[in-house]
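Quick notes on the structure that follows.
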Amino acid sequence: MGKRKYVNFLIGLLFCGTVYAQTPTDSSQVNTSFKRWKVLPLPTIGYAPETKGYLGAVALFTLHLGDTSLNRRSTMDVEFNYTQNNQMISDINWELNFGKGNWLTQGTVMYKKFPDLFWGIGNNTQEEEKESFESEIFTVDIQLQRKIYKSIYLGAYFSHVNEFNMTSNEENGLIKNQEILGTKDYQITHWGMALSSDNRKNILNPQQGHFLQVIAASGHYSEENLQKSNVRLSLDFRKYLHLFHSKNVLAFQLNSINNFGVNPFNTLAKIGSNSYMRGYYKGRYRDNYMLSVQAEYRFTIYKRWGATLFAGQGDVFDDWNNVSFEKSSLGGGLRFLIDRENNTNLRIDYAVGVDGNNGFYIGFGEAF
């Protein structure tokens, strides 16, 4: 599938969502419809190690579907960004609660044209091994779950990744010489099950409660003249507690990604992002498995201003018999309450890792 089809697909999703939001069935529903929806259009100006500076636009949706006393507030964002590294990223993300609180769907649809960096595979790759490459990626990641007990949901999981038009100018590099899996045009599709438990009241700025998500999926990888299978298992657990003050939060996260079988290099588990193991370029270290933990203390400074202190530990490794936990992350940040009604922050973080790694981040909502 070519780039134009992917872009059109994203535009179509946005159009359908807009029509649904603005078309009540009769005049008596007009006020109710608009009360249930809130749209916050904003310019996006941010920074991350992978993109450097970026500029774009985002529409942040907060909404209630159905009975507001039974369904938790849902969120969706539609975003387009262009970066200092000449990267183009278009994505739609959502978490929707409906059916009297009994149904939950989460998902992402994304297209990106992304110049990137690759240091090789493993947790001990050296800086001099770095090579640059560019590719186009279309990703769909969707969950549909049914409540089975209190805040516990169980359901289906689907993901599809299509990476194509990969190029590299590194004459002696692994990508240029196609010495690793994933340098040719490929598709990888996963079907599986997702189990989650989530009693947070605010997804973008959790104050109390917990979040647990376990995904187990079987995948099929295909490229020209090659068909392979694999299995992916992931765990994400988060806990939030008030500490010293009702507006101060201590947050914890445990994150694990496990890839069994054959996987293209760009879908391997990675250390570093704007949400976990901050301070590392996303993909600076990558391998079949990743395990990380982090803790963050969020506190109020004055009125709408706040701050955070955070620390993390983790690593990637090739097998559970060779578990590594040697990479550390340490940092802090500022918060500004940009949306009082929905308690949403603008965040600015800076973090350092080992071996001279560091990262500066600007974004909306908390890291986790």
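Structural remarks
- In terms of other Cβ atoms within 10 Å, Tyr302, Tyr153 run from fewest to most in the order Tyr302, Tyr153.
- Low-density loop cleavage sites - GluC sites (Glu not before Pro) in the stretch 259-368, where at most 14 other Cβ are within 10 Å (DSSP): Glu326, Glu341
- Hits among lysines - C-alpha to C-alpha of Lys201 under 24 Å, sequence gap 8 or more where chains match: Lys35, Lys38, Lys100, Lys147, Lys150, Lys239, Lys247, Lys303
- Between the helical axis of 3-22 and the longest alpha-carbon principal axis of the chain there is an angle of about 10 degrees.
- Around Leu181: net Lys/Arg minus Asp/Glu count, Cβ-Cβ under 14 Å: -3
- For the stretch 210-221, 3J(HN,Hα) per residue [Karplus equation, 6.51 cos²θ - 1.76 cosθ + 1.60, θ = phi - 60°, Hz, x = Gly/Pro]: 8, 9, 9, 9, 10, 10, 10, 9, 9, x, 10, 9
- Relative packing of peptides 282-291, 111-120 - highest average C-beta neighbours within 10 Å first: 282-291, 111-120
- At an R0 of 25 angstrom, the distance between the Cβ atoms of Ser229 and Asn321 translates into a FRET efficiency of 0.65.
- Point-charge dipole on Cβ atoms (K/R +1, D/E -1) for the chain, about Cα centre, debye to 20: 1880
- For the chain, the mean residue ellipticity at 222 nm estimated from helices alone is -2500 deg cm²/dmol, where every DSSP H run of n ≥ 4 contributes -39500 (n - 2.57) and the total is divided by all residues, rounded to the nearest 500.
- In this rough spin-label picture, where each label sits 7 Å from Cα along the Cβ direction, the Thr300-Val352 distance is 3.2 nm.
- Between the listed residues Ala251, Ile362, Gly173, the Cα displaced farthest toward the positive end of the dipole of the chain, a dipole computed from Cβ unit charges relative to the Cα centre, is found at Ala251.
- From the alpha carbon centroid of the stretch 224-261 to that of the stretch 156-182 is 25 Å.
- In straight-distance terms, cross-link reach from Lys228 covers every one of the aspartates and glutamates whose alpha-carbon lies under 12 Å from its own, apart from those fewer than eight places away in the same chain; here that gives an empty set.
Any read-out appearing in this document is the output of simple, stated calculations on the displayed coordinates, not a laboratory observation. Treat the numbers as computed from the prediction; the structure is a model and nothing was measured. Please note: Cβ atoms are built from the backbone with ideal geometry, for glycine as well, and neighbour counts cover all protein chains shown.
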